[in-house]
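Engineer: First the structure, then my questions, so here it is.
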Amino acid sequence: MSFTKNVFIEKLKNNRQIVIPSAMLIVNFIFRIWMISFCGIMVIHIPLTAATHTVCADCTLKNLHEALDYAKPCDTILVQKGIYHGEVLEIRKSITFIGQDHPILDGQEKNELISVKTNDVNIIGFQLINAPFSSSREMAGINVYNASNINISNNQLRNTCFGIYLANVTHCTVQNNSLHSVSDIELNAGNGIHAWKCDHLNIASNEVSGHRDGIYFEFVTKSLITDNQSYENLRYGLHFMFSHEDEYRNNRFENNGAGVAVMYTKKVTMLNNQFIHNWGDSAYGLLLKDISDSHIENNIFDQNTIGIQMEGSSRIVITNNTFTFNGWAVQLQASCDNNNFLSNNFNGNTFDIATNGTLVLNTINGNYWDKYEGYDLDKDGIGDVPYRPTSLYAMLVSEMPFTIMLWRSFVVYLLDRMEKVIPSITPESLIDAEPLMKKVKHDPRITTP
Amino acid sequence: MGKIIKYVLYDILQNKIIIAYTLFLLVVSVSMLSLETDTNKGTLSLLNIILIVLPLVSIVFATIHFYNSYEFIELLIAQPLQRSKILLSQYFGVTIALLTAFGIGVGMPLVLLSFTEASSMLILSGALLTVVFTSLAFWASVITNDKAKGIGISLLLWFYFSLIYDGLVLLLLFSFSDYPLEKAVMVFTALNPVDMGRIMILLKLDISALMGYTGALYKQFFGSGYGTIISTGVMLVWAIVPIAFAVRIFNRKDL
Amino acid sequence: MIHVSQLHKTFGNLKVLNDINIGFEQGQIVAVIGPNGSGKTTFIKCLLGMVMPDEGQITFNGKTIKNDWNYRSLIGYMPQIGRYPDNMKVGQLFEMMKDIRKSAEDNVQTDEDLLEAFDMKSIYHKPMRTLSGGTRQKVSACLAFLFNPPVLILDEPTTGLDPLSAELLKLKIAREKESNKLVLITSHILSDLDELVTNVMYIFEGDVFFYKTLEELKRETGEEKLGKAIANIIRQGHKKLKD
């Protein structure tokens, strides 16, 4: 049953993509209903059969493998404090594993630790350490393949190549785990929480650091990512592609190699997240590439090389966000259209908005800009003269990167001044007609259901 | 030579301009560094002073000093002294005076208030700019006997290096933007001491991350430990060449 | 002691020195005279290495002065208009010159006759810029004689000096003559020089119009006074030129 991502992609390529997966989905669906009803009947009607087994060094059951062999579906295995070695724990029964005081499962840099291959499995309260790097397949602390109703909570993963690896999984909760690894180069590092072709995931309150990507989503839909902290990962704090209708809330992405990348996706909601200090040669707070019909609200972008880099994105509402002390607050490529920047605060950024063309099909209105030098005679809180959030030089640098040679030179200062007075090159339509005189008050706790 | 430098320095200290200059730098640096909470920001605002004021004061001061010392030079020429030594003593005297002013006015506050890698680079490149523009001033001074003309040439040189050159480069980059100019830009930078000094400082600041691929090239070329030596070397060439020309001209000059 | 051959110098289009050939020996006091703009000062500056000749050679004790600077330690120079650093005090000026000279020569015997004669010590505290033209001339004179050099070049030495000081200076020059030195004096006030001069060099339009000893001059013209003798010879010479 163990198929890797590569094999599946091969299949996708070879087969007719629509027919086969939908057939598989139906089979999967029937199977799942059967499993749920089976376990439910067991729990409700035959409670006596759901036994609890204890594992410890002095117990009859000395290790998890023995316990797993002994247990019946829907049993609970209670693991006491200790260090457990051995082969990969392959779970093919619906079992609840509970660790007391975080018993340690040590892969000793030889094998993966837990591989879940059936539905209704809970793994709670373990410490999983030392899953090795392998160039042939992805070795993880916890692998889940083709399953649903999985709960992975309160675990500590240390030095695992991949942390939690979900493939073809639905209705899974990953909560309160902490995943820390020390990777040096991107090539032999794995992702913290890696999800591929899943739906209805709930990734909440996890802490991820030192992996390649903190949280990685590919073909994951209708999922919720909340209250996670992802920091100091080599590449992205959060990386997701082809993952529609997901929602991200209250997460904090800090100090990642390249920030957060969101690509090829529709209907994403990002609320109350913090993108902080993703600083480096090509780092972004948030990279939006081919994103559409999405909502970005009440986020904080602070000290990123580029706050938001937008490419080929459309119909995104960007509102009530705060951009502070970024190199570029927003890089709005000409390939973006119908995006709406409303009520955002721009403060202390080196460049506010840069674009690479003369055509701007986006709306920028009613934002606060600290560089605004206009006045408000009628005292309605809206500046009487429009604000141009891009400077001539910001445009130049976007189009001809080598003009960075003249950065902060006197001639550039003069040019920008002149352009402010008599605009000639900066796009006419890149303009905030109603700039605010005062900062928008953002409530950091606004949560929309 | 040391003796003449001593008298040159003595003469410079007699007029109060150098002291005013020191105080000006001191006030500006202290206020900028204490107003900005972020030390890097303070360094960045000082950068503009360094790039505009320092070359201007250096070149004008040195030129005026040269013409004011004409009598002294004449007096020395009739003595058993080598001409090149007389001119170099003047040069070193002015340079030492300006460097001291810079050291007290900018270097000291930076070291005391915000000593970082960037601020030490600011000190280095400011010092080099002083040396370079004093050198240019001497070159401008020996090519003409007319004080007004000499100051005019000096101001033009300053104007050229601070503004015109960059404008020309911008035009050039604009016209040839279809070509990969990243490498050419390195050369353009080296051909203007002000640009060189600016890049040296910017590379040491956090914001260098905004410089992209060109910035990476810069870093590789002028930024690393070895690169700092290269960029310092380029600046020293800018200092040595004009004063060498000045000595050559001065050696054949009729007084 | 000093030999000049085929000396040429032009400033722009103006030919200032045109093929000068001349030699000076120790014990001579040479009056370098000529009309204004004839090239006297330029000639002297060439000797001092302050003006670079276009062509020709100047040797000092047999050695060419080109690219040499050490020979200047044998010359005391008094410029036509002495210009000094404004802020420097008189005393400091003398100290500095001694200081600088010391670095060039090992043991300098200073000759402070004139310093005393002009009572320089009383103005040691005054900055140079406050001095009158005449006082500056005195300072220049003192500096020229200070290091007891074997050659003295004095450019218009008595201009601006009060009669008493001029007399003192002349006395000093007379004494130098006795100690077998070479003195070159340019002056346009001819009578001043009468008693001192041994040779007369007359420069006219950049060329040596004549170079004669005082005796020759007097004999040829039959005049007793130097001034009249020269005036005579010039008149004849100019007539010849016209013809």
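The values are calculated or read from the model by the stated rules, or taken from the named source; none is laboratory data. All figures in this text were calculated on a predicted structure; none of them were measured in a lab. Don't worry about glycine lacking a Cβ; one is built from the backbone with ideal geometry, like all the others, and counts go over all protein chains shown. To get the accessible areas, we keep the full protein, side chains included, count just its heavy atoms, and leave off ligands, DNA and RNA. Shrake-Rupley method; radii C 1.70, N 1.55, O 1.52, S 1.80 Å.
Engineer: Please give the charge dipole size of the protein assembly as shown, origin at the Cα centre, charges +1 on K and R Cβ atoms and -1 on D and E Cβ atoms. Round to the nearest 20 debye.
Structural biologist: 1580
Engineer: Using amide H atoms built in the peptide plane, which far-off residues or other-chain residues are under 5 Å from A:S294 H to H?
Structural biologist: Answer set, sorted by chain and number: A:K267, A:V268, A:I316, A:V317.
Engineer: Mean residue ellipticity at 222 nm from the helices of chain A, using -39,500 (n - 2.57) per DSSP H segment of n ≥ 4 over the full residue count, to the nearest 500 deg cm²/dmol?
Structural biologist: -4500 deg cm²/dmol
Engineer: Hey, another quick one. Between A:I150, A:I404, A:I142, which gets the highest mean-square fluctuation from a Gaussian network model of chain A, Cα cutoff 10 Å?
Structural biologist: A:I404
Engineer: Please give the average number of partner chain Cβ atoms lying within 10 Å of the Cβ of each residue in A:409-422, rounded to a whole number.
Structural biologist: 3
Engineer: Just counting partner chain Cβ atoms within 10 Å, what average do the residues of peptide C:84-91 show around their Cβ?
Structural biologist: Averaged over the peptide's residues, the number is 5.
Engineer: Give the distance, in whole Å, between the Cα centre of the stretch A:125-163 and the Cα centre of the stretch A:331-365.
Structural biologist: 41
Engineer: Long-range amide H contacts for A:S313: which residues qualify at under 5 Å (H placed 1.01 Å from N, peptide plane, sequence gap of 5 or more or a different chain)?
Structural biologist: Long-range HN contacts for A:S313: A:D290, A:I291, A:C336, A:D337.
Engineer: What do you get for the angle between helix A:19-45 and the principal long axis of chain A? Use alpha-carbon atoms, 0 to 90 degrees, nearest ten.
Structural biologist: Once rounded, one gets 60 degrees.
Engineer: Calculate one ³J(HN,Hα) per residue across the stretch C:173-179 by plugging θ = phi - 60° into the Karplus curve 6.51 cos²θ - 1.76 cosθ + 1.60, and present them in order as whole Hz with x for glycine and proline.
Structural biologist: Calculated HN-Hα couplings, in order: 4, 4, 5, 5, 4, 5, 8 Hz.
Engineer: Where Lys and Arg each count +1 and Asp and Glu each count -1, what net charge lies around C:K15 among other residues with Cβ under 13 Å from its Cβ?
Structural biologist: -4
Engineer: Which residues' amide hydrogens lie under 5 Å from the amide hydrogen of A:N151, considering only partners 5 or more residues apart or on another chain, with H built in the peptide plane?
Structural biologist: A:V121, A:N122, A:I123, A:T173
Engineer: Whole Å is fine, so just give me how far the alpha carbon centre of the stretch A:293-307 lies from that of the stretch A:208-271.
Structural biologist: Spelled out, the Cα-based centre of one part sits 13 Å from the other.
Engineer: Straight-line reach from C:K121: which lysines have a Cα under 25 Å away, not including same-chain ones fewer than 8 places off?
Structural biologist: Cross-link targets: B:K3, B:K6, C:K89, C:K98, C:K102, C:K138, C:K170, C:K172.
Engineer: Something else: Can you give the FRET efficiency to the nearest 0.05 for B:Q82 and B:V241, using r as the Cβ-Cβ distance and R₀ = 22 Å?
Structural biologist: 0.60
Engineer: Okay, moving on. Compute, for chain C, the length of the dipole vector about the Cα centre, with Cβ point charges of +1 (Lys, Arg) and -1 (Asp, Glu) only. Units Debye, rounded to 20.
Structural biologist: Rounded to the nearest 20 debye, it is 500 debye.
Engineer: Enter the mean number of other protein chain beta carbons within 10 Å of the beta carbon of each residue in B:198-210, as an integer.
Structural biologist: Per residue, the average neighbour count from other chains is 4.
Engineer: Take peptides A:425-432, A:96-103 and line them up by average Cβ neighbours within 10 Å, highest first, as a rough protection proxy.
Structural biologist: The packing order, highest mean first, is A:96-103, A:425-432.
Engineer: State to the nearest 20 debye the size of the charge dipole of chain A about its Cα centre, where the only charges are +1 on K and R beta carbons and -1 on D and E beta carbons.
Structural biologist: Magnitude of the dipole: close to 940 debye.
Engineer: Given a 1.4 Å probe and every protein chain left where it sits, what share in percent of the accessible area of the stretch C:1-70 is carbon and sulfur?
Structural biologist: 44
Engineer: Roughly what would the spin-label model give for B:N15 and A:H102, points 7 Å off Cα along C-beta, in nm?
Structural biologist: 7.3
Engineer: Build a GNM of chain B with springs between Cα atoms under 10 Å: which of B:M211, B:M196, B:M108 gets the top mean-square fluctuation?
Structural biologist: Sorting by GNM fluctuation, first place goes to B:M211.
Engineer: Principal axes first, then extents: for the Cα atoms of the protein assembly as shown, list largest minus smallest coordinate on each axis, whole Å, largest first.
Structural biologist: Here the Cα extents, ordered largest to smallest, are 157, 68, 52 Å.
Engineer: B:S29: net charge of surrounding residues, Cβ under 15 Å, Lys/Arg +1, Asp/Glu -1, itself excluded?
Structural biologist: Net local charge, B:S29 excluded: 0.
Engineer: Next up: What FRET efficiency comes out for C:E205 versus C:A231 if R0 is 22 angstrom and r is the Cβ-Cβ distance? Round to the nearest 0.05.
Structural biologist: Efficiency computed from Cβ-Cβ geometry: 0.80.
Engineer: Trypsin sites (Lys or Arg not before Pro) within the stretch B:129-225: which are DSSP loop residues with at most 14 other Cβ atoms inside 10 Å?
Structural biologist: none
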